[in-house]
1. Being on the phi < 0 side of the Ramachandran plot, outside any helix (DSSP H, G or I) and surrounded by fewer than 24 Cβ atoms within 10 Å (Cβ to Cβ) is the filter here, so list the residues in the range 405-426 that pass it.
2. For residues that are more than 16 Å from the chain's Cα centre (by Cα) and part of a loop (DSSP other than H, G, I, E, B), scanning just the range 82-112, find the one that is surrounded by the fewest Cβ atoms within 10 Å (Cβ to Cβ).
3. Looking only at the range 445-457, count how many residues are closer than 20 Å to residue 407 by Cβ and in contact with a helix residue (DSSP H, G or I) (Cβ under 6 Å, 6 or more places away or on another chain).
4. State all residues of the range 289-323 that are part of a helix (DSSP H, G or I) and surrounded by fewer than 22 Cβ atoms within 10 Å (Cβ to Cβ); if no residue qualifies, say none.
5. Which one is modelled with the highest pLDDT, of the residues in the range 146-157 that are in contact with a helix residue (DSSP H, G or I) (Cβ under 9 Å, 6 or more places away or on another chain) and surrounded by fewer than 22 Cβ atoms within 10 Å (Cβ to Cβ)?
6. When you scan the range 260-273, do you find a residue that is touching a strand residue (DSSP E or B) at 6+ places or on another chain (Cβ under 8 Å), surrounded by fewer than 20 Cβ atoms within 10 Å (Cβ to Cβ), modelled with pLDDT of 95 or more and in a helix (DSSP H, G or I), even just one?
7. Condition first: more than 23 Å from the chain's Cα centre (by Cα) and crowded, with 21+ Cβ neighbours inside 10 Å. Can you find one or more residues in the range 113-131 that meet it?
């Protein structure tokens, strides 16, 4: 015991028996939380939210017993959470974590590996290399494609676009990593009119500018209009989309990529969730030609259903990615077979590939295919049921996204609010090509046909004013 009454961290906190009890308590609380999701509202409990301000206290001098810390987290925060991990959350393109990935994440956290170098963390580095090989094969991308496991599609886009920036400037005789962008040849960046805002954010981070991009018009489903691709010369990057965040639509990859390459441009595909259509024979046609791009980005906390945060940047030429990302210093280990930090922005990084490896090992090809096809079928059922009830579905439902209008903008917003207040499921609103709509995104492994029918009944009842 310290003079101030606090417990010595070299005592109880490192006791194996006490640690085991603490982890068992955490596991029991986690299991109870997940088991209770089906019987609670999807929205955070209002009373629990109101009590959150009670946590805003000065930091005490004395520490708190670990079991009390865990109990406080569970009692105060668990009921104040949004039911993202449940079966009836359709607000964003996210899916609850597969049980095996939650367990693998727990084990990987216990390992606490700074998975940057193969020589120092060979186990987790090997898992990432294996998972990367599996992904390239599963997504049917060119052999030899390299990549880096990052926090999600935002950083994946930024990472892949850093490789693009390196490549197009290197071909113009400029070393952007050494000399920066001051005085560099200008890079033209062409995007679709419905480009995701995180792509613009990535361009801003890279010094390419959010607003100096050239936006090509989008069609009625949000697709890049191929005929509007401008004539390009000099360093140029064209950014396409696999899975519009509102409609799920896919850009016309083949035509655009071939023409862009003929003009010397690098083509990047933001495939945060749509890239996974390539695992399904029934859906792969949506992505025809995508494999001819130079880089791709996708999320794992979307359709592979691993815990936050997880994504990957994939680049056809790994040397371009390494040129943009690799770091060297005298104190760092000698290079290994594949050092993860050579392909990501971070030097210190957790072993994100562990959960990805676990998900792919658990599901296999067939399981990933079934996950994507099942969610897409649920989306089609939502669209069918809402159309039959007399409401207007605004998009062609090609994947897992549904946009529905309940009439006037005011009426649609009122239905969305009523649905969220009801708590059976959670959907959000959007403004798409001038129309106010409710957006339904089906991404979770746990969603069943019964869940869809239950939620449809509530949507129709509330849509009719019930």
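The values are calculated or read from the model by the stated rules, or taken from the named source; none is laboratory data. In this text, all values refer to a predicted model and were calculated from it rather than measured experimentally. Heads up, the Cβs are rebuilt from the backbone with ideal geometry, glycines too, and the neighbour counts pull from every protein chain shown.
1. Within the range 405-426, the subset on the phi < 0 side of the Ramachandran plot is 405-406, 408-422, 424-426.
If we keep only those that are outside any helix (DSSP H, G or I) as well, we get 405-406, 408, 424-426.
Listed by number, the residues that qualify are 405, 408, 424, 426.
2. So, considering only residues that are more than 16 Å from the chain's Cα centre (by Cα) and part of a loop (DSSP other than H, G, I, E, B), the one surrounded by the fewest Cβ atoms within 10 Å (Cβ to Cβ) is 112.
3. Restricting attention to the range 445-457, the residues satisfying the condition of being closer than 20 Å to residue 407 by Cβ are 455-457.
With in contact with a helix residue (DSSP H, G or I) (Cβ under 6 Å, 6 or more places away or on another chain) added as a condition, the list becomes 456.
Count: 1.
4. 291, 292, 318, 319, 322, 323, listed by residue number.
5. Once the filter is applied, the top-ranked residue is 146.
6. Step one: list which residues in the range 260-273 are touching a strand residue (DSSP E or B) at 6+ places or on another chain (Cβ under 8 Å), which gives 260-261, 263-273.
Filter once more, so that each one left must be surrounded by fewer than 20 Cβ atoms within 10 Å (Cβ to Cβ): 261, 263-264.
Right, trim to modelled with pLDDT of 95 or more and you get 261, 263-264.
Now narrow it down to the ones that are in a helix (DSSP H, G or I): 261.
Yes.
7. Among the residues of the range 113-131, at least one is more than 23 Å from the chain's Cα centre (by Cα) and crowded, with 21+ Cβ neighbours inside 10 Å, which makes the answer yes.
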